[in-house]
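Just so it is clear, none of the values below were taken in a lab; they were calculated from the coordinates. In this text the structure is predicted, and so the values were computed from the model without any measurement. Every residue, glycine among them, receives a Cβ derived from its backbone with ideal geometry; neighbour counts consider all protein chains shown.
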Amino acid sequence: MATPDSDRRLSKFLSLVLRHQPQLIGLRLDDAGWANVTELLERLQQHGRGISRAALEAVVAHNDKQRFAFSPDGQRIRANQGHSVSIDLGYQPKAPPDFLYHGTAERNLASIRQHGLLKQKRHHVHLSADVATARSVGQRYGRPVVLTVAAGQMHDLGHPFYRSENGVWLTDSVPPQFILGAAAE
Ligand code: HQG
């Protein structure tokens, strides 16, 4: 039976194969990051992680951050964002609100002040529309600090922004001059 723990483990494993290492279970992603659902279920089965289609649907529907999505016909599945494999999610540029927020660990501050926000292993820098979400993102790495980003100003100056299906704002990088306050928590 599905438990919060088993759902979390499945969600983590799906993130791993749909964002980072599909080859781990011999899965293929197309150029837009989609995997065939039947193939995914078969590969999971072959690798000792067999689950029913209903269990997969439940994890996609209840995932705390809506990390995954089915195609409209239900035949394909992909991660909404966060990939390190090279794929094109087909995001359309979108004007951001004036301010967005980035949560990070205190120890990263000096480097961020110097170099700005860099995308590291991901395809984009991830920004949140609200402080609380940014704080919980920053908490993953240590004592959190929330930085305010002058997104509207960046956009006016030609930096493209995108919004993933699950509401995360994405941009290529944030140069230091657009990083405003840092509020230590
Ligand atoms: C930091 C989760 C030093 C950056 C969350 C972050 C998010 C720098 C880390 C999503 C830096 C990268 C993304 C610089 C950036 N010097 N450190 N110049 N520039 N950093 O995990 O934004 O659970 O790749 O502050 O909810 O923390 O995966 O990015 O601490 O939406 O669905 O480098 O991951 O979603 O870490 O998190 P990450 P992130 P999921």
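Can you pull out the residues in segment 118-127 that are within 7 Å of the ligand (Cβ to nearest atom) and out of contact with any Ser or Thr (no Cβ under 6 Å at 6 or more places or on another chain)?
Hits for segment 118-127 are Q120, R122, H126.
Can you tell me how many residues in segment 115-164 are surrounded by 14 or more Cβ atoms within 10 Å (Cβ to Cβ) and in contact (Cβ under 8 Å) with a residue 60 or more places away in the chain?
So the count comes out to 8.
Just give me the residues in segment 25-58 being within 16 Å of G82 (Cβ to Cβ) and of a type outside the set (F, W, Y), in sequence order. First the steps, then the outcome.
Just the residues of segment 25-58 that are within 16 Å of G82 (Cβ to Cβ), to begin with: 29, 32-35.
Across segment 25-58, the qualifying residues are L29, A32, G33, A35.
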